[in-house]
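Undergrad: Dropping a structure here in structure tokens format, bear with me for questions.
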Amino acid sequence: MENSYGLWPLVIINSLVFIVFAFSFTKPKTARDWRSFGAFSAFLVALFTEMYGFPLTIYLFSGWLSTKFPGIDFFAHNSGHLFEDFFGWGGDPHFGPFHIASYILIFYGFSLLANAWKILYKAQKDHTLAVTGPYARIRHPQYIGFILIMFGFFLQWPTILTLIMFPILVWMYTRLAKSEEKEAQKEFGIMWDEYAKKTPAFIPQRKKISANI
């Protein structure tokens, strides 16, 4: 247990790497941008704190876990990938189905952030609506990018704190999106109404996905 956790330099390094990586794609400017980015950063810090620093979830449920899954040392770092343990996949959890799914979600989430930011930055610079690239399929790809990344990390290393934080952050991003839409409607009027009528807010329509493949 002593070697598996208490690795605070890893907490700091991993948090900084992913936060700086996300910052390079989003470049928050407004107070709203900073709120969404700050909430995402808090999620990552909470995650990596339990992953490498102090495994609060495992401590709290250690009695139940040892009874339900005898023979597994849950204070060994690989056993912290709880979904892999619960389903009994065995082997190295880094190559298990939940971990692979998390890699895909995290990669796609960051790719979505990067592509959305380029379109949004140009639109803001030109004072026009962002309607191309990811914005042609959904109205808020930047928030979906954050959500996919967080969900990917949650699949990889579920904790009580991130389980509580995730739905709260999804609700917060939904509120921020609605606030942005009100401002866009005031600024662009009919142009925004037409765009919003044919473009879903968060979940792309199947026919639009097919058309863009």
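Undergrad: What is the residue count in region 20-51 for residues that are among the acidic types (Asp, Glu) and within 15 Å of Gln142 (Cβ to Cβ)? Show your work before the answer.
TA: Of region 20-51, the ones among the acidic types (Asp, Glu) are 33, 50.
Keeping just the survivors that are within 15 Å of Gln142 (Cβ to Cβ) gives 33.
Number of matching residues: 1.
Undergrad: Restrict the check to region 54-63 and report whether at least one residue is without any contact (Cβ under 8 Å) to a residue 24 or more places away in the chain and assigned to a loop (DSSP other than H, G, I, E, B).
TA: Looking through region 54-63, at least one residue is without any contact (Cβ under 8 Å) to a residue 24 or more places away in the chain and assigned to a loop (DSSP other than H, G, I, E, B).
Undergrad: Sort through Arg139, Arg175 and tell me the only one that's basic (Lys, Arg) and more than 17 Å from Phe37 (Cβ to Cβ). Break it down stepwise before answering.
TA: On the way: Arg175 fails: more than 17 Å from Phe37 (Cβ to Cβ).
Step by step, each of Arg139, Arg175 is checked, and only Arg139 is basic (Lys, Arg) and more than 17 Å from Phe37 (Cβ to Cβ).
Undergrad: For region 1-37, give me each residue that is within 16 Å of the chain's Cα centre (by Cα) and either of a type in the set (Ser, Thr, Tyr) or exposed (fewer than 12 other Cβ atoms within 10 Å of the Cβ) (or both).
TA: Residues of region 1-37 that are within 16 Å of the chain's Cα centre (by Cα), as a first pass: 14-26, 33-37.
Ser15, Val20, Ser24, Thr26, Ser36, listed by residue number.
Undergrad: Does Phe154 satisfy the condition of being over 19 Å from Thr26 (Cβ atoms), of a type in the set (Phe, Trp, Tyr) and surrounded by 14 or more Cβ atoms within 10 Å (Cβ to Cβ)? First the steps, then the outcome.
TA: Working: over 19 Å from Thr26 (Cβ atoms): yes; of a type in the set (Phe, Trp, Tyr): yes; surrounded by 14 or more Cβ atoms within 10 Å (Cβ to Cβ): yes.
The answer is yes for Phe154.
Undergrad: Please work out which one of (1) crowded, with 17+ Cβ neighbours inside 10 Å; (2) touching a residue at least 40 places away in the same chain (Cβ under 8 Å) is the condition Val131 fails and give its number.
TA: (1)
Undergrad: Residues in region 75-87: is at least one assigned to a loop (DSSP other than H, G, I, E, B) and either surrounded by 20 or more Cβ atoms within 10 Å (Cβ to Cβ) or small (Gly, Ala, Ser) (or both)? Walk me through it before giving the result.
TA: Just the residues of region 75-87 that are assigned to a loop (DSSP other than H, G, I, E, B), to begin with: 75-76, 81, 87.
Checking which are either surrounded by 20 or more Cβ atoms within 10 Å (Cβ to Cβ) or small (Gly, Ala, Ser) (or both) leaves us with 76, 81.
Yes - at least one qualifying residue is present in region 75-87.
Undergrad: Just need a number here: residues in region 4-19 that are small (Gly, Ala, Ser) and either in a loop (DSSP other than H, G, I, E, B) or over 30 Å from Lys118 (Cα atoms) (or both).
TA: First pass over region 4-19, keeping only residues small (Gly, Ala, Ser): 4, 6, 15.
Imposing the further condition that a residue be either in a loop (DSSP other than H, G, I, E, B) or over 30 Å from Lys118 (Cα atoms) (or both) reduces the set to 4, 6.
Result for region 4-19: 2.
Undergrad: Follow-up question, since we're still on this one. If you check Asp92 against the conditions, is it surrounded by fewer than 19 Cβ atoms within 10 Å (Cβ to Cβ), modelled with pLDDT under 85 and out of contact with any strand residue (DSSP E or B) (no Cβ under 6 Å at 6 or more places or on another chain)? So that I can check it myself, show each step before the final result.
TA: Details: surrounded by fewer than 19 Cβ atoms within 10 Å (Cβ to Cβ): yes; modelled with pLDDT under 85: yes; out of contact with any strand residue (DSSP E or B) (no Cβ under 6 Å at 6 or more places or on another chain): yes.
Yes: the conditions hold for Asp92.
Undergrad: Condition first: surrounded by fewer than 11 Cβ atoms within 10 Å (Cβ to Cβ) and either β-branched (Val, Ile, Thr) or within 16 Å of Leu155 (Cβ to Cβ) (or both). Now tell me which residues in region 57-74 satisfy that. First the steps, then the outcome.
TA: Let us first name the residues in region 57-74 that are surrounded by fewer than 11 Cβ atoms within 10 Å (Cβ to Cβ), namely 63-64, 67, 70-71.
Of everything in region 57-74, just one residue is surrounded by fewer than 11 Cβ atoms within 10 Å (Cβ to Cβ) and either β-branched (Val, Ile, Thr) or within 16 Å of Leu155 (Cβ to Cβ) (or both), namely Thr67.
Undergrad: Read through the list (1) at pLDDT below 95; (2) within 19 Å of Arg35 (Cβ to Cβ), then give the number of the only condition that Ala123 fails.
TA: It fails just one condition, (2).
Undergrad: Here are some residues: Leu169, Leu176. Which one is surrounded by 13 or more Cβ atoms within 10 Å (Cβ to Cβ), touching a Lys or Arg at 6+ places or on another chain (Cβ under 7 Å), touching a residue at least 12 places away in the same chain (Cβ under 8 Å) and not β-branched (Val, Ile, Thr)?
TA: Leu176
Undergrad: Identify, from the list Ala22, Ala42, the residue that is in a helix (DSSP H, G or I) and under 19 Å from Ile160 (Cα atoms). Please lay out each step first, then the result.
TA: Numbers: Ala22 fails: under 19 Å from Ile160 (Cα atoms).
When all the criteria are applied, what remains is Ala42.
The values are calculated or read from the model by the stated rules, or taken from the named source; none is laboratory data. For clarity, every value in this text was computed on a predicted model and none was experimentally measured. As a convention, Cβ positions derive from the backbone with ideal geometry for all residues, glycine included, and neighbour counts pool all protein chains shown.
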